[in-house]
Structure formats: C-alpha cells, structure tokens
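Asker: Please find one structure pasted underneath; my questions will follow.
The values are calculated or read from the model by the stated rules, or taken from the named source; none is laboratory data. Bear in mind the structure is a predicted one, so any value in this text is a computation, not a measurement. So basically every Cβ, Gly included, is an ideal-geometry build from the backbone, and we count neighbours across all protein chains shown. Ligands, DNA and RNA are stripped out before the accessible areas are found, and what is left, the full protein with its side chains, is counted by its heavy atoms. Shrake-Rupley method; radii C 1.70, N 1.55, O 1.52, S 1.80 Å.
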Amino acid sequence: MKIKHCFLLFVMVFLCTNVVFAERVDMLKAGAKADGKKLNTLLINKTIERLSSNGGGTLYFPSGTYLTGAIKLKSNITIELETGATLLFSDNFDDYLPFVDMRYEGVMMKSFSPLFYAVDQHDITIKGEGTINGQGKKWWTEFYRVLVDLQKNGVRDLNKYQTMWDNANKDLNLSKVTNEDYKEVLDRRFFRPAFIQPIRCKNVRIEGIKIINSPFWTVNPEFCDNVIVKGITIDNPPSPNTDGINPSSCKNVHISDCHISVGDDCITLKSGRDLQARQLGVPCENITITNCTMLAGHGGVVIGSEMSGDVRKVTISNCVFDGTDRGIRIKSSRGRGGIVEEIRVDNIVMKNIKTEAIVLNLFYSNMPKEPVSDRTPIFRNIHISNLTGTQVNSAVKILGIEEMPITDVTLNNINIQSNTGLEADMVKNLVLNNVRIDSKMGAPFKISNSENLEINSVKSMTPNADSPVIKLTDSKESLIQGCFPISGSRSFLLLGGNCKGTVLMNNCFNRLPLIMDKESKFTKEDLTIKE
C-alpha cells in the first residue's frame, strides 16, 4: 500500500507541476513602459521568445498605454489586455521592417511586417477587455499620396519603401501571376500591413478585445486551421481598405458575437487571387459566421473578390446589418477562376443599405470575355432565407456571365422594401419562394437570359401602374405559381424575346386588369396557363 500511495503522490506532483508550468508575465512589472511614448517592442518580443521556448505563457498588460512596433507571436503564447490597457502600435513605418513574407489582397509578397505576425505557429491567443490601436492615419495618408502620385505623375515621388519593395520582390514576377486588372495596384509598390496576420498557424483565438484604426485589413488569418474570433469590436473610421475580419485560405473558422464598423467590408471570405492562388490551391472552407452586428462598411458579409482558391461550406446566420453599403455580397470577375459554392445564409436583418441587400456579381472587374478555363469563376449552390430588409436602395442583383451563368440559387422567405427590385441575368436553376419585394420603381422582379426558373408566391405591396409585377426577357423554362398580386400594377407578367416553356399555374389574377402585359411578345407555344 505504501508503494501505491507513493506512486499516486508522484503522479499528482507531476501533474501539478505541468498545470502551473505556463508562466504569466505582468508586463508592467517586467519593465514595460505604459506611458504611450517609449517603445516596448524589444521587451515584448524577447518575452514571447522566452515563454514560447519554455512551452508557452501569457503576456499580461495591466491598465496603461504600451507603445510597440511589430509583435512576432509564437506557439502557446497568449496576449491578454486588462480593461484600460491599450497596445498602441507605432506609426513609424521603420518599426515594421525588415520586410517579411506576407499576403496583400490575396497576393503573397514581401512587404512590411503585420502588426501582429506569426508563421507556422500554433495555439496563439489575443484576448481581454483592452484595446489595440493601429494608428492607421499616417498609413492611410501615405497610401493616398502614393495613389495620387501614380495617377497624376506616373510615380515621380518615390518613398524609400517603394524602392525597398522593388528590390525585395524583383524575383517573384508578380505581374505574371496576377491579371492585368491588378497592374495599377502593383505599380504603387507601397503595401500597408494587416493588423493581425497569422500565416499557416493552427488554433488561433481572438476574443473580447477592441481593435481600432487598422492600417489595412484588420483580422486577416492566412492558410490557418481552427480560427476562433469571438466577441470582439472593430472600429475603423472611413479609411481605405480597412476591412474587419478577412479569413483567407483558412479552414474551420468560427466568427461570432462581433460588432464591426469599418472603412471597407465588415467580414470577407477570400482565398487569394489569380494564377498564384490557383497554383497554391488552398480554399477557404468550413466557415461559420453568427450573431454579429455590422454598421459602416462597404459590405456586411462578403465573399471575394479574391476567391481564386475556392470558397465553400459557409453558413451565415443571425446577423444585423445597419448602414452598410451592401448586405450579402459575393463578387468576382473573369480571369480570376475559383469556385464559390455550398453557401447558406439565414435569419438576417438589414436596414439603411446604400446599394444592394443581396448581390452576386461576376463583373467586379471589367475583364473581357474569354473561353472557359480554370480562369473562369464559378458561383453555384447558394441559398439565402429568412431575410428582412428596409430602407434598401436595390433589393437583389444576380449577374452571371454568358460563358458561366450562376447556377442553383434559392431565395426563400425574403421581405425587402427598396427603391428598385430584383434583377437577375445569366442564371440557371433560380428558385424564388415566398419573396416579397416592395419596390418604388419599375417591375419588382426582372429576370433575363436565364433558364429553369421556379417562381413561387412572389409579391409586391407597392404596385406600379407603369410596370408589370414580373418581367421575363429571353428566359426559358419558367414555372410561376401560387401568386396573388394586389391591384395597382399594370399587369402581372411581361414576356420579351425567347421565353419558351413559360408556365403559369395556380395563380389568382382577379385583382389585376391584365395577366399578360400588352408589351409582351410570345407565341402560344411559349406560354401555358393552368388555373
């Protein structure tokens, strides 16, 4: 029995020593200056290296303002900020040198170090109730100066970083692995760093903190696995490209309970751009986004436009967009390639949307038509349900390309009050089920150059005496059923061009003067009415 007790005591001591092994460093006691004036970069990075080499630990920042340059995160490291603590990142560009391997707008290159940077690490956490401030104003100002110099002078007034970029990237041939619509961006040669960019890391957690004034994209994991972003606030003022949360080529990402107001898209899923990303072939997949509020931003939740490595298996639910330029936006263009598929959006409320509540667009860049190849983008298997939108400019736009129509899209239980209604062009297998669009101008539903449409119980409560409810142009094999339009519209349906195979079934038209609009052009073979 004594031997057994001794063995148990040994095991307990061993376990206890392992549990308490991770060290928690009070950075103020460790010598950090909390005056917002003296740089703490060296102390922070040395502490990270020491803790990580010993198995990991926590850098704890009590209340105060800690000025720092780029922070290099390592495995098993936690950055924790107390209420009242601010990590204030330097706005001296030299504090983000030397250049490192990073990803800018989906293109791998060498440029400034991200403010928080990690490569091939695991179990990284940034958490707490404090603030991290990127002091982005000088970055934005220099970006605009470079942009204006390029546009007016063809790059006459180079800064030293542009020359450094040329030298660091001369062997990468970036112009050969990106499309011509990226040439102007490459010509700038000044690429601001992302705020938080772990690359090829596992088990990344960002929780609770407030992030403000990002120089560029804010939370931007690249090629990472198991990323959790929970309960954070991002507040960037109107500023260039200051997106909120941008997982790129990541898998198993969970974004929840966040509050976002930024200068570009609030949450965006990406996988790189053009040939370089297709060669890497790393998709963004297994993504959940839920319980988030988006205010200012170009888009609420966006996919693309850099999606050349594919985006798939995505759920977006229980979110509110109030004041964004767009709501749900999926965007790409010819020449980019990549597939967006297996997307589910559910239980969304939008208000004060400046352009479209829902937009799927393959004309993001003005690229010419080309034969179908791996450069041809594909949107398919996208389903949106239970969405309410008020004070919206344009309800829905779905714009495919001639050589690759958007396929298998469902809009179910949608209610939008808008200036203009639904516009769909180059779509196959579109289902509209219980969709109500109260638009002020034109036909609420306009569909052209499409095929195999199922339109069930669509309606508008703002009839227009100058327009039909539905306008179909050159759209074949359409089933329209279960509709009960109110009085006030000029007619129910206008057919134009080749609309062969249109079927009306189980509709009630007794409140309208005309079923078929007087401007319709069709033959008896085109239309079947079954009441």
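Asker: Quick check on my link table: of Lys183/Lys331; Lys137/Lys331; Lys176/Lys270; Lys74/Lys137; Lys369/Lys440, which ones sit more than 30 Å apart, alpha carbon to alpha carbon?
Answerer: Values: Lys183/Lys331 19 Å; Lys137/Lys331 28 Å; Lys176/Lys270 21 Å; Lys74/Lys137 28 Å; Lys369/Lys440 34 Å.
With Cα atoms farther than 30 Å apart: Lys369/Lys440.
Asker: Explain nothing, just compute: Karplus ³J(HN,Hα) = 6.51 cos²θ - 1.76 cosθ + 1.60, θ = phi - 60°, for every residue of region 450-462 in order, whole Hz, x for Gly and Pro.
Answerer: These are the phi-based 3J(HN,Hα) values: 10, 8, 6, 9, 10, 10, 10, 6, 9, 7, 9, 9, 10 Hz.
Asker: Could I ask something else about it? What does the charge count near Ala277 come to, summing +1 for each Lys or Arg and -1 for each Asp or Glu among other residues with Cβ under 13 Å from its Cβ? The partial results should precede the final answer.
Answerer: Numbers: positive: Arg103, Lys270, Arg273, Arg278, Arg336, Arg375; negative: Glu105, Glu222, Asp274, Glu306, Asp310, Asp374.
Its environment carries a net charge of 0.
Asker: Under the rule of at least 5 residues apart or a separate chain, name every residue whose amide H is placed under 5 Å from the amide H of Gln135.
Answerer: It is Phe89, by chain and number.
Asker: Related question: Quick one: pull the percent of accessible area on region 414-498 belonging to carbon and sulfur, 1.4 Å probe, ligands and nucleic acids left out. Before the final figure, lay out each step's value.
Answerer: Details: 1370 of 3070 Å².
The computed percentage sits at 45.
Asker: Karplus couplings for region 475-491 from phi (6.51 cos²θ - 1.76 cosθ + 1.60, θ = phi - 60°), rounded to Hz, Gly and Pro as x?
Answerer: Per-residue couplings from phi come out as 10, 9, 6, 10, 10, 10, 8, x, 9, 9, x, 7, 6, x, 6, 5, 6 Hz.
Asker: Of all DSSP beta bridges located in the chain, what percent are antiparallel, nearest 5? Intermediate values should be presented prior to the final figure.
Answerer: Numbers: 7 of 179 bridges.
Among the beta bridges of the chain, antiparallel pairing accounts for roughly 5 percent.
Asker: OK, next. Specify the angular offset, from 0 to 90 degrees and rounded to the nearest 10, of the alpha carbon long axis of helix 41-53 from the longest principal axis of the alpha carbons in the chain.
Answerer: That helix lies at roughly 90 degrees to the long axis.
Asker: Excluding ligands, DNA and RNA, what is the solvent-accessible area per residue of the chain at a probe of 1.4 Å, expressed in Å²?
Answerer: So the chain comes to 41 Å² accessible per residue, rounded to a whole number.
Asker: Go ahead and run the numbers for FRET between Glu531 and Val372, Cβ-Cβ distance against an R0 of 45 Å, rounding to 0.05. Don't jump to the answer; show the numbers that get you there.
Answerer: On the way: r = 42 Å, r/R0 = 0.93.
With R0 = 45 Å, the Cβ-Cβ based efficiency is 0.60.
Asker: Given a 1.4 Å probe and every protein chain left where it sits, what share in percent of the accessible area of region 169-296 is carbon and sulfur? Walk me through the numbers before you get to the answer.
Answerer: Details: 1880 of 4000 Å².
It is 47 percent, rounded to a whole number.
Asker: Let me ask something else about it. Round to the nearest 10 and give me the degree value, 0 to 90, for the angle of helix 160-169's Cα axis relative to the longest principal axis of the chain.
Answerer: It is inclined by approximately 80 degrees.
Asker: So how far, in whole Å, is the C-alpha centre of region 164-179 from the one of region 289-345?
Answerer: Centre-to-centre (Cα) distance: 29 Å.
Asker: Still on this structure, please answer the following. Return the subset of Lys251/Lys351; Lys38/Lys230; Lys33/Lys210 for which the Cα-Cα distance in this structure is over 24 Å, preserving the input order. Intermediate results must be reported in sequence, preceding the final value.
Answerer: Values: Lys251/Lys351 31 Å; Lys38/Lys230 31 Å; Lys33/Lys210 21 Å.
In this structure, Lys251/Lys351; Lys38/Lys230 lie more than 24 Å apart at Cα.
Asker: Name the residues whose placed amide hydrogens come within less than 5 Å of the amide hydrogen of Val469, ignoring near sequence neighbours (fewer than 5 apart) on the same chain.
Answerer: Ser491, Phe492, Leu493
Asker: Moving on. Taking H as built 1.01 Å from N, whose amide H comes closer than 5 Å to the amide H of Ile486, not counting residues under 5 places away?
Answerer: Ser460
Asker: Residue-wise, which Karplus ³J(HN,Hα) couplings in Hz belong to region 359-365, taking 6.51 cos²θ - 1.76 cosθ + 1.60, θ = phi - 60°, and x for glycine or proline?
Answerer: Along region 359-365, the couplings run 9, 10, 9, 9, 10, 4, 10 Hz.
Asker: Moving on. In degrees between 0 and 90, to the nearest 10, how far off the longest principal axis of the chain does helix 2-19 point, with axes built from Cα atoms?
Answerer: Result, in degrees: 70.
Asker: Here is a follow-up. Could you calculate the contour length gain from Lys176 to Val349, that is, 0.36 nm times the residue separation minus the distance between their Cα atoms, to one decimal place in nm?
Answerer: Details: separation 173, 0.36 × 173 = 62.28 nm, distance 4.24 nm.
Going from the current span to full extension adds 58.0 nm.
Asker: Shifting gears a bit: Decide, for region 347-400, between rounded, prolate and oblate: order the square roots of the alpha carbon gyration tensor eigenvalues as a ≥ b ≥ c, take rounded if a/c falls under 1.5, and otherwise choose prolate if a/b is larger than b/c, else oblate. Walk me through the numbers on the way to the answer.
Answerer: Values: a/c = 4.56, a/b = 2.00, b/c = 2.28.
Oblate, since a/c reaches 1.5 and b/c is not below a/b.
Asker: So, one more: Give, as a single signed number, the net charge of other residues whose beta carbon lies under 14 Å from the beta carbon of Ile330, with Lys and Arg counted +1 and Asp and Glu -1. Each step should come with its number before you reach the end.
Answerer: Numbers: positive: Lys270, Arg312, Arg326, Arg329, Lys331, Arg336, Arg344, Arg380, Lys397; negative: Asp265, Glu306, Asp310, Glu341, Glu342, Glu356, Asp408.
Around Ile330, the surrounding residues sum to +2.
Asker: How high is the FRET efficiency from Asn167 to Asp35, r the C-beta distance, R0 35 Å, rounded to 0.05?
Answerer: On the way: r = 37 Å, r/R0 = 1.04.
After rounding, the FRET efficiency stands at 0.45.
Asker: OK, next. Between region 476-526 and region 189-212, what is the C-alpha centre distance in whole Å?
Answerer: Taking the Cα centre of each part, region 476-526 and region 189-212 sit 52 Å apart.
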